[in-house]
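Below is one structure; the comments refer to it alone.
The values are calculated or read from the model by the stated rules, or taken from the named source; none is laboratory data. Quick caveat: nothing in here was measured; it's all calculated off a predicted structure. All Cβ positions, glycine included, derive from the backbone under ideal geometry; neighbour counts span all protein chains shown.
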Amino acid sequence: MHIFVVSSFLKSVIHLDSLMMVDSVNQTDGDTAVIDREVQRVRKVSPKYKVLLHNDPVNSMDYVVETLRQVVPQLSEQDALNIMLETHKTGIGLVIVCDLEPAEFYSESLKAKGLTSTIEIES
């Protein structure tokens, strides 16, 4: 804890990246205030994004399953098959939920292979 002397009454909260500085003021004699400063860590969780696959009448079911496995290697054969069937039946399927950069990479890679894909923030 640090103590600072200032010439006016002050109360503030300052956000610096992941640190939050909280100032509390103790009024003393005259117009001098003593500030007790406490630093608290504030952890912000980055949002997750859904990679979505949209149904199309062009690509075969086998091609979609194969492409999903190539682009998202952690998907099992059964996972890829389930995603393809969900997409075929409902028009849209959830491929994976992840951070923004991998989501963009997966979506763009699916598009590069002729599939229709979008990303949206997970709510």
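Of all the residues in the stretch 54-84, those that are in contact with a strand residue (DSSP E or B) (Cβ under 8 Å, 6 or more places away or on another chain) and aliphatic (A, V, I, L, M) number 6. Can you find a residue that is β-branched (Val, Ile, Thr) and outside any strand (DSSP E or B) anywhere in the stretch 93-113? No, every residue in the stretch 93-113 fails to be β-branched (Val, Ile, Thr) and outside any strand (DSSP E or B).
Taken together, the residues in the stretch 75-108 that are touching a residue at least 12 places away in the same chain (Cβ under 8 Å), within 25 Å of residue 47 (Cα to Cα) and not small (Gly, Ala, Ser) amount to 13.
Scanning the stretch 35-55 for residues being surrounded by 13 or more Cβ atoms within 10 Å (Cβ to Cβ) and modelled with pLDDT of 90 or more gives a total of 8. Might you let me know whether the stretch 65-77 holds any residue that is over 19 Å from residue 119 (Cα atoms) and under 22 Å from the mean Cα position of the chain (by Cα)? Checked against the condition, which is being over 19 Å from residue 119 (Cα atoms) and under 22 Å from the mean Cα position of the chain (by Cα), the stretch 65-77 yields no hits at all.
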